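The values are calculated or read from the model by the stated rules, or taken from the named source; none is laboratory data. Since the structure is predicted, the reported quantities are computational estimates derived from the model, not experimental observations. Heads up, the Cβs are rebuilt from the backbone with ideal geometry, glycines too, and the neighbour counts pull from every protein chain shown. We work out accessible area using only protein heavy atoms, side chains counted, and drop any ligands, DNA or RNA first. Shrake-Rupley method; radii C 1.70, N 1.55, O 1.52, S 1.80 Å.
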Amino acid sequence: MLLIKENGRHIGIITYLPSHPGDKHSWIGLFILHHGRAGQGIGSIALNALERRLRQENVTQVRLAVQIENLIGAAFWQKNGYVIIKSTKDQRGNEVDVYEKPLL
């Protein structure tokens, strides 16, 4: 888990698994940023920091799932180089798109 801080205040959180036990891929779980901080580039900065960390851990690609109705989230991930590799349902039965990005 990584905390996103600005001026000493927590404004977000990122959870990730370097190797998911089910498929051995690295996955981003939660990526939450305080609503008042959205659209300011902070999320992309935090994501870049996570990707650097994953590269240091020798991760070569990362995946995540976005609920179909989360259009803002989908736009964020696409803007940051993630592409849809499949559509499926999550553990709760929600329709999701699975995104992936190579970490070169």
Condition met for Gln91 (open to solvent by 40 Å² or more (accessible area, probe 1.4 Å), farther than 18 Å from Gly12 by Cα and part of a loop (DSSP other than H, G, I, E, B)): yes
Could you list, in sequence order, all residues of region 94-104 that are open to solvent by 40 Å² or more (accessible area, probe 1.4 Å), modelled with pLDDT of 95 or more and within 21 Å of Ser44 (Cα to Cα)? Pro102
Exactly one of these conditions fails for Ala74: (1) modelled with pLDDT of 95 or more; (2) among the small types (Gly, Ala, Ser); (3) under 27 Å from Ile11 (Cβ atoms); (4) more than 13 Å from the chain's Cα centre (by Cα). Give me its number. (4)
In region 9-37, the residues that are of a type in the set (Gly, Ala, Ser) and open to solvent by 60 Å² or more (accessible area, probe 1.4 Å): Ser19, Gly22
Filter result (open to solvent by 30 Å² or more (accessible area, probe 1.4 Å), among the polar types (S, T, N, Q) and not in a loop (DSSP other than H, G, I, E, B)) within region 38-51: Asn48
Test: Val66 is touching an Asp or Glu at 6+ places or on another chain (Cβ under 7 Å), more than 20 Å from Met1 (Cβ to Cβ), open to solvent by less than 50 Å² (accessible area, probe 1.4 Å) and assigned to a strand (DSSP E or B): no
